[in-house]
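Here's the structure, in structure tokens; my notes come after.
The values are calculated or read from the model by the stated rules, or taken from the named source; none is laboratory data. Just so we're clear, the structure is a prediction, and the values are computed from it rather than from any experiment. Please note: Cβ atoms are built from the backbone with ideal geometry, for glycine as well, and neighbour counts cover all protein chains shown. Protein only, heavy atoms only, side chains kept; ligands, DNA and RNA dropped before computing areas. Shrake-Rupley method; radii C 1.70, N 1.55, O 1.52, S 1.80 Å.
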Amino acid sequence: MTDGTSKAYGMVGIVLAAGLLLLLAVGIGAWWLWPMEFSFGGENSIEGMVAQIRS
């Protein structure tokens, strides 16, 4: 490999790693900010989940 192609592969790796970190940060932020009322029935319990499945 020449020096140019190894630098190109290095940049691709950096861009992919940065994209993965950004996607992870957005996912964590959305999970943290998502109101429980919009999720499965709004009640975080087994009974609430069973009631949502039965409805």
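Brief remarks follow.
- Candidate set from region 1-14 (those that are of a type outside the set (S, T, N, Q) and modelled with pLDDT under 75); member that is least open to solvent (accessible area, probe 1.4 Å): Gly4
- Counted residues, region 15-47 - those being at pLDDT 85 or above and surrounded by 10 or more Cβ atoms within 10 Å (Cβ to Cβ): 15
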